[in-house]
Structures are given as structure tokens and as C-alpha cells.
Amino acid sequence: MHLLKNTLTPVYHLLFPNLCNGCGNELLSNEATICTTCISTLPLTKFHLIINNPFEQKLAGRVNIEHATAMYYFNKGGVIQELLHGLKYQQKQAIGALLGMYFAKQLLDVRWIADIDIVIPIPLSKQKMKMRGFNQSTCIGESFAAHLNKPLDTTSVVRLKNTASQTHKTRVERMDNVKDAFMVTSPNTLQHKHIMLIDDVVTTGATLEECAQAILKIDGTKVSIVTLAYAIE
Ligand SMILES: [Zn+2]
């Protein structure tokens, strides 16, 4: 049996080559999901090393958060867009798991991470969840939280409404669109906790802002925000 498997491996790889989800090139035997070249050329923001970084500036005056950081810049047509598209629309969950791990490793030595009690992925509405079958932010968050040794909570906050595409809306329209979109279902769990919200990509920050506001109504809560990618508006 073993002999048969070894004999068939090259044929199998010829028929089903293991391709990088970023660039489409064939992966080496020591690579999985994303090739080393893609990983090493993804545009890091290094926001976690910057005091009052652009992400924190974006949210300043809108919502009272502790910290915000993102790992990569989101470039239209870039590898990160390709990867997030694969995760979200082709259910390639291995992409979320791998990038979540890299993100966690990047933040391991950041001092404020020690203060985080719970990681919460931005939830999808029931209808969206039914349609898509899974939440891409949970996928990233599971791996991220596990590698930071933090509990992941996917039940304490729910999304009540499906928000229409934000792309062509003004800032006021966008805020109206997500207003009252989130509800905390178990306030006792979140009371006096520092919650880290995680999402795949941030553009305007309206969704994250609304979710953070819902949590901040609970007694003694603090909120920090992390996203895998940061789109420049
Ligand atoms: Zn690649």
C-alpha cells in the first residue's frame, strides 16, 4: 500500500498540483497554502510599532478604543486581495488560519496584548451566515486567538441586520447603514473585560465602530481592534 502511494504521488501532483493561493505558482513540498515569496512580499503596515498609527487616527473622535492595528495594506489587485477573496468567497479556510497565525506571531511581543481578555470576530447576520456558510473573521480569529492563547467568543455579540455594500456611500450614509446593527446578548460575559474585535479588512471603519459602540455600553468594557488588512480610503 505504502509503495503504491509513493508511486502515485508524482502522478497525483501532476493532476492536482498544489498551488499558491496568492500567485498561483506551484508550491514547494515545504510550503502550504501560500508560497514563501508571496508571504514575504505582502505589504506589512507595522502599525503595532507606531504610536497613534493611521488606523487609530481613523477612529479617533468616533469611538473610544484602546488600540487598533492591522497587519497588511490592502492593495487593489494585490496578493492580499486575492487571498481574502479566496477565503471569503471560495471558503479557503486554510488562508484564514495561516494569516491569523502570522498576525498573532507579529503581535506576541506587543505589550498591550497581555491586557486582552477575549477575542471577538465581527459577526455576520443570520441570513449572511446561511448564505456564505461560515464567517471569514471567525476563521482568522480562531487561529489568531489560539496562537495568542486568548479565548475566542463567537456568541456574546450578534449582528441583527445585514448591511448593504458600503462602497458608494458617504460617511453619514455608512453610519446610518450600520446603526444598531449589533447587539450584546450576554453582557455578563463581557463586563469589565478588554475585548479585541477582529475583522478581515477595514475600509471606513463604520462596522467596527458600531460593533465597538455596542460593546462599550456594557459596564467596564474596553475595546481594541485588529484587522488583517487595511484599505486606504
Ligand atoms: Zn505565491
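Evaluate the following for PHE144: is it aromatic (Phe, Trp, Tyr) and either touching a Phe, Trp or Tyr at 6+ places or on another chain (Cβ under 7 Å) or in a helix (DSSP H, G or I) (or both)?
So PHE144 passes the test.
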Scan region 178-198 for residues that are open to solvent by 20 Å² or more (accessible area, probe 1.4 Å) and either among the polar types (S, T, N, Q) or not in a helix (DSSP H, G or I) (or both) and report the count.
11
Residue identified as at pLDDT below 95, aliphatic (A, V, I, L, M), more than 16 Å from the ligand (Cβ to nearest atom) and out of contact with any Cys (no Cβ under 9 Å at 6 or more places or on another chain) among LEU3, LEU49, LEU59
LEU3
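Inspect all residues belonging to region 51-60 and state whether any of them is part of a strand (DSSP E or B), outside the structural domain of ASN18 (by TED's automatic domain parsing) and either touching a residue at least 40 places away in the same chain (Cβ under 8 Å) or not aromatic (Phe, Trp, Tyr) (or both).
no
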Which of the residues that make up region 118-146 are more than 23 Å from GLU209 (Cβ to Cβ) and aliphatic (A, V, I, L, M)?
MET131, ALA146
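Among the residues of region 201-223, what is the count of those that are open to solvent by less than 10 Å² (accessible area, probe 1.4 Å) and closer than 18 Å to THR154 by Cα?
Adding up the residues that qualify gives 5.
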Mind checking which residues of region 25-46 are touching a Leu at 6+ places or on another chain (Cβ under 8 Å) and either away from the ligand (no atom under 16 Å from the Cβ) or on the phi > 0 side of the Ramachandran plot (or both)?
THR33
Can you find a residue in region 169-192 that is of a type outside the set (Val, Ile, Thr), in contact (Cβ under 8 Å) with a residue 60 or more places away in the chain and in the same structural domain as SER224 (by TED's automatic domain parsing)?
yes
Looking only at residues that are closer than 19 Å to GLU210 by Cβ and either under 13 Å from the mean Cα position of the chain (by Cα) or outside the structural domain of ILE215 (by TED's automatic domain parsing) (or both) in region 62-81, which one is nearest to the ligand (Cβ to nearest atom)?
ALA70
List, please: which pairs have Cβ atoms under 7 Å, are six or more places apart or on different chains, and start with a residue in region 15-36 that is touching a residue at least 40 places away in the same chain (Cβ under 8 Å) and end with one that is near the ligand (Cβ under 7 Å from one of its atoms) and part of a loop (DSSP other than H, G, I, E, B)?
GLY22/CYS35; CYS23/CYS35; ILE34/CYS20; ILE34/GLY22
Report whether or not VAL79 is among the β-branched types (Val, Ile, Thr), open to solvent by 20 Å² or more (accessible area, probe 1.4 Å) and at pLDDT 95 or above.
yes
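The values are calculated or read from the model by the stated rules, or taken from the named source; none is laboratory data. This one's a predicted model, so the numbers in the text were calculated from it and none came from an experiment. FYI the Cβ positions are ideal-geometry reconstructions off the backbone, even for glycines, and counts take in every protein chain you see. In case anyone asks, the SASA skips ligands and DNA or RNA and just uses the protein heavy atoms, side chains included. Shrake-Rupley method; radii C 1.70, N 1.55, O 1.52, S 1.80 Å.
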